[in-house]
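Please treat every number below as a calculation from the coordinates, not as lab data. Source: prediction; values computed, not measured. Glycine also receives a Cβ, built like all others from the backbone with ideal geometry; neighbour counts cover every protein chain displayed.
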Amino acid sequence: MVPITTLHYLVVAAALFVLGVIGVLTRRNVVIVLMSIELILNAVNLNLVAFSRLWGLHGQVFAIFVITDAAAEAAVGLGILIAFFRNKETVNVDEVDLLKW
Amino acid sequence: MLHLVLFLVFGAICVAGAINLLVQSHPISSALSLVVVMASLAVEYLLLGAEFVAAVQVIVYAGAVMVLFVFVIMLLNAGVEERTKGSRVALILGIPGVLAGGLLVAWVLIERTGTATVGLGALPGFPKTIGNLLFHDFLLPFEVTSVLVLIAIMGAVVLASRPEPKNPEKES
């Protein structure tokens, strides 16, 4: 029987991070891009909590701060999305060109 | 043994939910698979002994944030997105890039990490100790975060509220 170590959790977190990056880069719907960003933040949280087994509880406190920031980011991002949808009637990232010169 | 089985099962559910999030074309299906990812991550936190973080994960992420996402998806009435073909440059540069990145990550993971195990049922992340850290060592970051959340709430309200119709009598 193999004991579960920090390395195993880091592998899961790396997989989640890569999947989140793929989602940010390939999807067109802004809502799914925001969900992929949440996936990346979750991978970071898993890393922090896994390393808090090695280095003490500060990692868990930092994970709580990351969760709070992710909630704030989701609220502001979705607010921007609603304001944008009201102007342009679309949620595709490649049609977001209001700032293009 | 139970620890190993729980880790493998919920890690597999977690990664499978993340893959499903990318594969599904309707945003609601993606949001529900993200809920699955959050819930299985909470179990992984419990296996690491982080009791409080697991509870916060379920309450804040799987509860509040995902309700926000589902609400916005319903509000925008976003349908199935149409796919476009990726560019050739992305394909040519992307596959070697992914391979190099994967090798780098594998090397760092194998060479540089220590190992630490936690027994099933051992909970070092007890809410009392987390609270002590949060309100003694991290009091200033905690207060700054509260200001950040307040600003985020005000920003979300300002952004999402309908612009007021012009009313000349109200202007002083």
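Per DSSP helix of 4 or more residues, -39500 (n - 2.57); summed, then divided by the residues of chain A. What does that give at 222 nm, rounded to the nearest 500?
-27500 deg cm²/dmol
Based only on other Cβ atoms within 10 Å, what is the fewest-to-most ordering of A:69, A:94?
Ascending number of Cβ neighbours within 10 Å: A:94, A:69.
Pick out, from A:24, A:12, A:40, the residue whose Cα sits farthest towards the positive end of the charge dipole of the stretch A:6-90, with +1 on the Cβ of Lys and Arg and -1 on the Cβ of Asp and Glu.
Result: A:24, furthest along the dipole toward the positive end.
Mind running the shape call on the protein assembly as shown? Use the C-alpha gyration tensor, a ≥ b ≥ c as the square roots of the eigenvalues: rounded below 1.5 for a/c, prolate if a/b tops b/c, oblate otherwise.
Values: a/c = 2.17, a/b = 1.34, b/c = 1.62.
Judged from the Cα gyration tensor, the protein assembly as shown comes out oblate (a/c at least 1.5, b/c at or above a/b).
Roughly how far apart, in whole Å, are the Cα centres of the stretch A:1-71 and the stretch B:1-75?
11
In terms of the Cα gyration tensor, with a ≥ b ≥ c the square roots of its eigenvalues, is the stretch B:1-79 rounded because a/c is under 1.5, prolate because a/b exceeds b/c, or oblate?
Taking the square roots of the gyration eigenvalues as a ≥ b ≥ c, the stretch B:1-79 is oblate.
Which of A:101, B:107 comes first, and how do the rest follow, when ranked by fewest Cβ neighbours within 10 Å?
The fewest-first ordering by Cβ neighbours comes to A:101, B:107.
Rounded to the nearest 20 debye, what is the charge dipole size of the protein assembly as shown about its Cα centre when +1 sits on each Lys and Arg Cβ and -1 on each Asp and Glu Cβ?
Rounded to the nearest 20 debye, it is 420 debye.
Over the stretch A:37-101, what is the mean sequence separation of C-alpha contacts under 8 Å (at least six apart), divided by residue count, expressed as relative contact order in percent?
Relative contact order of the stretch A:37-101: 22 percent.
What ranking do B:2, A:41, A:46, A:25 get, fewest neighbouring Cβ atoms within 10 angstrom at the top?
B:2, A:25, A:41, A:46
Mind giving me the FRET efficiency for residue A:96 and residue B:1? R0 is 51 Å, r the Cβ-Cβ distance, nearest 0.05 is fine.
Between residue A:96 and residue B:1 the formula returns 0.50.
State the extension gain, in nm to one decimal, for the chain segment bounded by residue B:150 and residue B:128, taking 0.36 nm per residue of separation less the distance between their alpha-carbons.
Gain on extension, residue B:150 to residue B:128, equals 5.4 nm.
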